[in-house]
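Participant: Here it is, the structure, as structure tokens.
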Amino acid sequence: MGFVLFSCSEAAKNPFLKSEQNTISIASECRLEAFDFYSNDAFSKLIKDLVCDPVFYYDENSGQVKSAVISSYRWVHESEIALKVNTAKVFHDSPVFRLDKGRYLSAGDIAHSIRLFAKNSKYPQVKAFLSTFQKLTPAGDDELIISLEKNVSENDFLRELAAIELFVVPKELKKIEELKDLIGTALYSVSAVSREQVHLKVFKNHALFKQKGNGDFSYPNAYRLNLNIPKNKLLHLFTSGQVDGIFTSDISEAAKKFKADDYFSESFFVRKEDEITVLAINFEKSFTSSYPNIEFIKAMVNPEKHNQSRCQNQLIHYYSLYDLENYDAHTITSLDMYFDNVNQEFESFVRKNFAGHKINLSSGTDFPDVLIYRLMLPSVFREQTDKYILQYYASKGFINDEKISKEANIKLFSPAKYLLFNEKIKFLNGNFDTRNDFSCIFKVDN
């Protein structure tokens, strides 16, 4: 069965900017060295979304798998899929190409990009998934056949491939060690890179500029990302009008300053980092038969108070059916609690809370009562997060039942970065909500 994909360029049918003569300037405390092509941390993803297109991406709002580089696909059989490549896509101009001019995308580029991620991804989950790709066979320039080790669920396979977002680069690019090496097919190309600033310019050879009626829309000419700015200076740069936006892990001061302003809640956007911290309760232990015990544990590990004083950038979620409720007297006097790769300050905070209620904590690793862990994730989408958490539990011999694993998760928090814009930047394109995408989404009021 074959499928035609919706390209993200479809969004270009609506007007975005009223003027082409502008540069969107963003200040951030991020460091250039933090960029990693094989990572989906917030800073690296910010750059990649502007410069590169993923093989697939998952639109969580519509539930559709989409692509700008794959025009359609068909399943040859349950262990083989053929991808029809959008050969109208053009790579940015670069010295790696003949005459320094970007060339058209080919199936060989898709295969090359998949191999790069299979070898270099920072996430074990991605490497494990791509290790099931037994063979990548270009059939001419416009089709890539992926042969898998075994039969798969077509829907599950495409969702995972889309969720981890493997970005496409040309096969001439043998390695990507620095941001200046990056070449893609998206709307912005890397123009200049220094330790203090990254400059991206609009790619005029992009297909969007060749579409009929392209006079109906326009884009910023450039993005200028100023790096290494001390956090205590970001807000001044922003409020004084020296930059259009700030990209930061802490907007607490900005939130206080603009709390009464209606535009604030509509002018900042969240990008999750590539990690989560979760508490899981072992429902096979006797203490869980008393509901107040569960509520007591939740209160002891509740990270809101910890974050108020130490971690201003954490997103707090209840990652289960449970909400924090009032509880009566608990019956717990001791707990076997295991911390796995958890932030040391948070671990100390939790231990201190239990000690204050005279609860003895032991730290055995075999089938504990409570497991608190930090997990690196290549995808922020809930469906994939559930899958990776279940895989983690299974690897620890903690829980092997999918339903129980979801019920066991009591609290989740994850670090994030925030992008805050001034009043002249207007958000228009739904791509942001579905992909955490910064490209093609702003209107500038002159």
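The values are calculated or read from the model by the stated rules, or taken from the named source; none is laboratory data. Here the structure is a predicted model, which is why all the values come from computation and not from measurement. Positions of Cβ are backbone-derived with ideal geometry, glycine not excepted, and every protein chain shown enters the neighbour counts.
Participant: Quick check on the stretch 279-300. Is at least one of its residues part of a loop (DSSP other than H, G, I, E, B) and either modelled with pLDDT of 90 or more or β-branched (V, I, T) (or both)?
Facilitator: Let us first name the residues in the stretch 279-300 that are part of a loop (DSSP other than H, G, I, E, B), namely 282-285, 290.
If we keep only those that are either modelled with pLDDT of 90 or more or β-branched (V, I, T) (or both) too, we end up with none.
The answer is no, given that none of the residues of the stretch 279-300 is part of a loop (DSSP other than H, G, I, E, B) and either modelled with pLDDT of 90 or more or β-branched (V, I, T) (or both).
Participant: Oh, and also: Which numbered condition in (1) surrounded by 15 or more Cβ atoms within 10 Å (Cβ to Cβ); (2) farther than 21 Å from S44 by Cβ; (3) at pLDDT below 75 is the only one that A408 fails?
Facilitator: With respect to (1) surrounded by 15 or more Cβ atoms within 10 Å (Cβ to Cβ); (2) farther than 21 Å from S44 by Cβ; (3) at pLDDT below 75, A408 is out only on (3).
Participant: Can you find a residue that is buried (at least 17 other Cβ atoms within 10 Å of the Cβ) and closer than 30 Å to K233 by Cβ anywhere in the stretch 53-69?
Facilitator: no
Participant: Is one or more of the residues making up the stretch 171-188 among the aliphatic types (A, V, I, L, M), buried (at least 22 other Cβ atoms within 10 Å of the Cβ) and at pLDDT below 95?
Facilitator: Scanning the stretch 171-188, I find at least one residue that is among the aliphatic types (A, V, I, L, M), buried (at least 22 other Cβ atoms within 10 Å of the Cβ) and at pLDDT below 95, so the answer is yes.
Participant: For the stretch 217-229, state whether one or more residues are touching a Lys or Arg at 6+ places or on another chain (Cβ under 9 Å) and either closer than 19 Å to V85 by Cβ or modelled with pLDDT of 95 or more (or both). Step through it out loud before you land on a result.
Facilitator: Within the stretch 217-229, the subset touching a Lys or Arg at 6+ places or on another chain (Cβ under 9 Å) is 217-218, 221-223, 227-228.
Remaining after also requiring either closer than 19 Å to V85 by Cβ or modelled with pLDDT of 95 or more (or both): 227-228.
Within the stretch 217-229 (the criterion being touching a Lys or Arg at 6+ places or on another chain (Cβ under 9 Å) and either closer than 19 Å to V85 by Cβ or modelled with pLDDT of 95 or more (or both)), the answer is yes, since at least one residue qualifies.
Participant: Mind checking which residues of the stretch 17-49 are surrounded by 19 or more Cβ atoms within 10 Å (Cβ to Cβ), in contact with a Ser or Thr (Cβ under 8 Å, 6 or more places away or on another chain) and at pLDDT below 90?
Facilitator: L17, D49
Participant: To continue, here is another question. Go through (1) within 17 Å of L46 (Cα to Cα); (2) touching a strand residue (DSSP E or B) at 6+ places or on another chain (Cβ under 7 Å); (3) at pLDDT below 85 for T248 and report which single condition fails.
Facilitator: Tallying (1) within 17 Å of L46 (Cα to Cα); (2) touching a strand residue (DSSP E or B) at 6+ places or on another chain (Cβ under 7 Å); (3) at pLDDT below 85, T248 fails exactly one: (3).
Participant: Select, from A139, A162, A107, the only residue that is surrounded by fewer than 21 Cβ atoms within 10 Å (Cβ to Cβ) and of a type in the set (G, A, S).
Facilitator: Details: A162 fails: surrounded by fewer than 21 Cβ atoms within 10 Å (Cβ to Cβ); A107 fails: surrounded by fewer than 21 Cβ atoms within 10 Å (Cβ to Cβ).
Sole residue among the options that is surrounded by fewer than 21 Cβ atoms within 10 Å (Cβ to Cβ) and of a type in the set (G, A, S): A139.
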